[in-house]
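Below is one structure, written out as structure tokens; comments come after it.
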Amino acid sequence: METAPAPESLQRRPLLFYMRKYPRAMAVGFGFLLVTNILDAMWPLVLKEGIDRISAGVNLDEIGRTCLLFFCIMAGLSITRYGWRVGFGRFHTLAAEDLRLRTFRHLTALTPGFFLKKPVGELMSVVTNDVQTFRNALGSGLMVFADGIIILVIVIPVMMSLNAWWTLQSLAFLPFVPVLIWWVMKRIHVATREQQDAFAQVTAHSQESVAGIRVVKGFGLEDLRLKQFTRENRRMEDASNTSARIDSFFLPVMEFGVTTGTVIFLFVARQDLLSGAITIGTFVAFHRYILKTVWPMTALGLGLSQLQKGFAAFERIREIFAEKADLAREGDRPLRAFESLEFRHVGFRYKGSMEWIFRGLNFHVQKGQSLGIAGPVGAGKTTLMALITRQFDPTEGEILLNGFPLQEYRLEDVRRCLTLVPQDVFLFSETVTWNVGFGLDDGFGDIEAETAARHVDIHEEIARLPEGYQSLVGEKGVNLSGGQRQRLALARGLVTKSHVLLLDDVLSAVDTKTEARIDEMLKELRRAGRTQILVAHRLSTLATCDLLLVLTEGRQEGFGPRDLMLQQNKFLQTLRMIQNQEDQHA
């Protein structure tokens, strides 16, 4: 699977992108919001008419009609307010769902090299917290900002129609609002980015501490981890307080401005009211409109603040989208069966590193053969397995599958043909059966899981679990031993029915008797035509293979038939001597 890049329009203008993507929900929200503000601007005028009619002593029928109109406006407001909440709610929910899915899809399409430099907790905070912050910007932020604009556009002309001089005097502070908004926005963006980064560090620290709790407790490092967490938590608290102080600055300033406008209005309107130049209804209605300017002034600041927070969070999401898979391309050549695998002068080093993991690898494996890979720790055996499954591309040389470059095949087909059981076993917090049949269809059940478990000599241990094959294994298989986790992972590899089975030191944690039984099972698979490539440190496992490859110090020390390699290769001879001595002392 190649990384399908996020559209350029999304990365450059995310707000506009989602407004265009979900126009119906957006139109519903804006439509109801517009009608809401029109109705909300009408009722002070109706109130004015009612007060003036009462003052004029008109009959009760006219006053009753005014009251009925007032009631209808209020009822309409209830309906339209519900409508814009539904519209905007659907809009930001759809947008967040789409963005979260795009982010997750992009992350899962990246090669392992990316995850070597990014803590898991930090990536979790992007998918959860940053997307949620952007969602809030699309929801309450956009709605509040639009609400403030619409109210001002409607209310100020109405105020001018009542009395232009009063309007100019009472809203004298209005020109200063853009300056204040600019000052707040400039600081809130920086503060929010610091807050999001701090939250990511807290999440990463928490995830690492919980995932590695056995190590933490085993070394008695609880206090140290607590001190480190306290430091990160305090950093997040400081960033949150800074953001809160900036947010809190806007509302009281706006309220003060409107209050000042009210005082000015009372001062300039008193003479008109006392002289009878205006009615009491006009005075009351105008005062209501002044009070209505409190919210839009505040809404402009709050809305833009929320939008800035969302854009700051989206910067972190954009950084994920900017990451590209290290794989050069993906072809479309059909891959129906495995015939051969060949390495030609292959060398590899990680992106950005000058140190070679290995260079000059040349070997081949035919259908039905088994290749054992040996070498000291750090020789590049696990990296070699990653190259075979095309988690990375070689830095130099080429890998041929059935005589064609590996890049010419679809990744999905390559990984369906070549199943890797990694050294670092990962089990999900699901049932035993679910973990064994991971990725298979719903037809996979306990019977199929039991068959695979018997092959790897773990059935009896599973049967002793409280719920048997329906027992939860816990995150990463925390309630299983190392050997049990390895055998479950091996069972998972067996049920895939792939053409080639890649085993990366999957028997290192099992005892020798169990290893011998599993070796016999692997021999049966080879006799049935299933090709195997396995990394092992035990000579007893390597001795069952047809071919042996030895890696030492970043180079290929030897490759050839098993018997010849066991006789001539110095590393294998040393390994045999050491393990014979260990067996004698056991």
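Values quoted throughout were computed directly from the atomic coordinates according to the rules given, and no laboratory measurement underlies them. Not measured: the values here are computed from a predicted model. Here the Cβ is made from the backbone with ideal geometry for all residues, glycine too, and neighbour counts use every protein chain on show.
Quantify how much of the Cα-Cα distance distribution of segment 15-126 extends past 24 Å, in percent. The proportion of pairs with Cα distances above 24 Å equals 55 percent.
Computed from the C-beta positions of C72 and A27 and an R0 of 30 Å, the FRET efficiency is 0.75 to the nearest 0.05. Considering the zone a paramagnetic label at F428 would reach in this model (a point 7 Å from Cα along the Cα-to-Cβ line), which residues of segment 493-513 have amide N under 18 Å from it? Backbone N within reach: 493-497. Relative to the current alpha-carbon distance between E319 and D332, full extension at 0.36 nm per residue lengthens the span by 1.7 nm.
Our summary gives segment 8-322 a relative contact order of 31 percent, counting only alpha carbon pairs under 8 angstrom and 6 or more residues apart.
Distance between the pseudo-spin-label points of L226 and E342 (7 Å out from Cα toward the beta carbon): 6.3 nm.
Modelled this way, with points 7 Å down the Cα-to-C-beta line, the labels at W165 and T108 are 7.0 nm from one another. Rounded to the nearest Hz, the phi-derived 3J(HN,Hα) couplings of segment 381-393 under the Karplus curve 6.51 cos²θ - 1.76 cosθ + 1.60 (θ = phi - 60°) are 5, 5, 4, 4, 5, 5, 5, 4, 8, 6, 6, 9, 9, where x marks glycine and proline. When the Cα positions of W434, V144, Q556 are compared along the charge dipole of the chain, V144 comes out farthest toward the positive end, with charges on each C-beta of Lys, Arg, Asp and Glu. Applying a threshold of 20 Å to the alpha-carbon distances of K118/K186; K381/K570; K118/K381; K367/K497; K186/K309; K351/K381 flags K118/K186; K118/K381 as lying beyond it.
The protection proxy used here, the mean number of other Cβ atoms lying within 10 Å of each residue, ranks peptides 116-122, 79-85, 296-302 as follows, highest first: 296-302, 79-85, 116-122.
Computed extension length for H364-W183: 58.5 nm, one decimal, from 0.36 nm per residue of separation with the Cα-Cα distance subtracted. Sorted ascending by nearby beta carbons within 10 Å, beginning with the fewest, H345, H537, H205 become H345, H537, H205. A Förster radius of 25 Å, combined with the Cβ-Cβ distance separating K570 from D511, puts the computed FRET efficiency at roughly 0.30. Computed over every Cα-Cα pair of the chain and binned at 10 Å starting from 0, the pair-distance distribution P(r) comes out as 3, 13, 17, 18, 14, 10, 8, 7, 5, 3, 1, 0 percent. The fewest-to-most ranking of M185, M26 by surrounding Cβ atoms within 10 Å reads M185, M26.
Relative contact order for the chain: 15 percent, from Cα pairs under 8 Å spaced at least 6 residues apart, divided by residue count. Taking each residue as 0.36 nm, the span from Q11 to I38 lengthens on full extension beyond its C-alpha to C-alpha distance by 6.2 nm. Legend: calculated FRET efficiency, E467 to I447, from the Cβ-Cβ distance at R0 = 22 Å, rounded to 0.05, equals 0.90.
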